[in-house]
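What follows is a set of notes on a single structure, which appears directly below.
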Amino acid sequence: MKIEVTDKNGSGILHKLADAMGASIRGRFVDIPEKLGEGYMTGFTWGNELRMMIRNYYLKEEIVLERKNEIPEGQENVIFFLSGIFDTSLQQKEKTSPEQPNVFICMQSVSSVVAMPQNTFFKSITISASREYLQQQFGALHHPVISSILTSKDTFVYETGISPAMVTTASEMIHQLVPESLENHYNKLKCEELLCHIFALLLQRDETPASGIHIKDIKSLYAIKYHLQSNLDKAPDIASLAKEAGMSEPKLRKLFKQTFGKGVFEYYQFMRMQEAARLLKENHLSVSEVGYELGFTNLSHFSRVFEQHIGLKPKKYSSL
């Protein structure tokens, strides 16, 4: 199913998306129609400076969302898309895939096409914040990436991981124990808490000057990211990736690290260990099965790399 939605004034797309999907509205909740899946979307708005949408649903069929933003001149919003941030409250389905946990940051004025594959759980939070609001809250932080987010006139995209603190905050939003009369205030505080955790992660990056990035290069970088995700058993050939992307190797290395906060091989190894942890926990594979599936020929080396990233040896991790 293809859905086209235009956000003309920065007011959000929740109800427009609900209409396009034929979803029913239950208070502040939009329930996914049974023919498409199950679960809900919900949202909060705090004036023009801060909005938040929560997605917690499962889809039976693929939906391609084409979002076009027509933002009034002078109104600049930054989008923080936190995917895979909380455990779904829905009963786990067989043969379903979770979203990859990460935080995607960009300007709202960038129109986008989002593919939501079938048989996937979506458990994400999207925050839209005005630059004026962000400057008031985080303007005292001195870091090239944060300065770019707050003030740059150039196109930018940044991605960072989901920290345990973010998962805890998101869980408290889903399972909140406050009265309905305090719900709006409580969720605003939690939304601001998530932003603090995101900026805390960005502060940990190398303080390398950030440069503007062309939309074409953004698409090439994400094509490389998905190539790495799809080939976790094969070490990346940076020369081949650069040639495919139409970039020099130095440009690829620079823009990749600027966007993702890690070099190409470092990011590949990070994703590899995240997948190893998932296979051990969710698929209950043995340490040797996981190691060989991810391309390791030396299980001792696999164990060392896993411990470096996850903090525990794979055998101990799988027994928790």
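The values are calculated or read from the model by the stated rules, or taken from the named source; none is laboratory data. Just so it is clear, the structure is predicted and the values come from calculations on it, not from any experiment. Cβ coordinates were reconstructed from backbone atoms using ideal geometry, including for glycine residues, and neighbour counts include every protein chain displayed.
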Among Ile146, Ile162, which is touching a Pro at 6+ places or on another chain (Cβ under 7 Å) and surrounded by 18 or more Cβ atoms within 10 Å (Cβ to Cβ)? Ile162
Does the range 307-316 contain at least one residue that is of a type in the set (Lys, Arg) and within 25 Å of the chain's Cα centre (by Cα)? no
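Here's the yes/no breakdown for (1) in a strand (DSSP E or B); (2) surrounded by 17 or more Cβ atoms within 10 Å (Cβ to Cβ); (3) modelled with pLDDT under 90; (4) outside the structural domain of Met21 (by TED's automatic domain parsing):
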residue	(1), (2), (3), (4)
Met52	yes, yes, no, no
Tyr57	yes, yes, yes, no
Lys68	yes, no, yes, no
Gln91	no, no, yes, no
Gln100	no, no, yes, no
Ser230 vs. criteria over 17 Å from the mean Cα position of the chain (by Cα), within 30 Å of Met247 (Cα to Cα) and not assigned by TED's automatic domain parsing to the domain that holds Asn56: yes
If you check Thr208 against the conditions, is it of a type in the set (S, T, N, Q), touching a residue at least 60 places away in the same chain (Cβ under 8 Å) and not in a helix (DSSP H, G or I)? yes
Failed item in (1) on the phi < 0 side of the Ramachandran plot; (2) surrounded by fewer than 17 Cβ atoms within 10 Å (Cβ to Cβ), with Phe260 passing the rest: (2)
Those residues of the range 223-236 which are without any contact (Cβ under 8 Å) to a residue 24 or more places away in the chain and surrounded by 15 or more Cβ atoms within 10 Å (Cβ to Cβ) amount to His227
Count of the range 184-198 residues which are touching a residue at least 24 places away in the same chain (Cβ under 8 Å) and over 11 Å from Ala129 (Cβ atoms): 5
Under the condition of being in contact (Cβ under 8 Å) with a residue 24 or more places away in the chain and of a type outside the set (A, V, I, L, M), which residue from the range 287-301 is surrounded by the most Cβ atoms within 10 Å (Cβ to Cβ)? Glu293
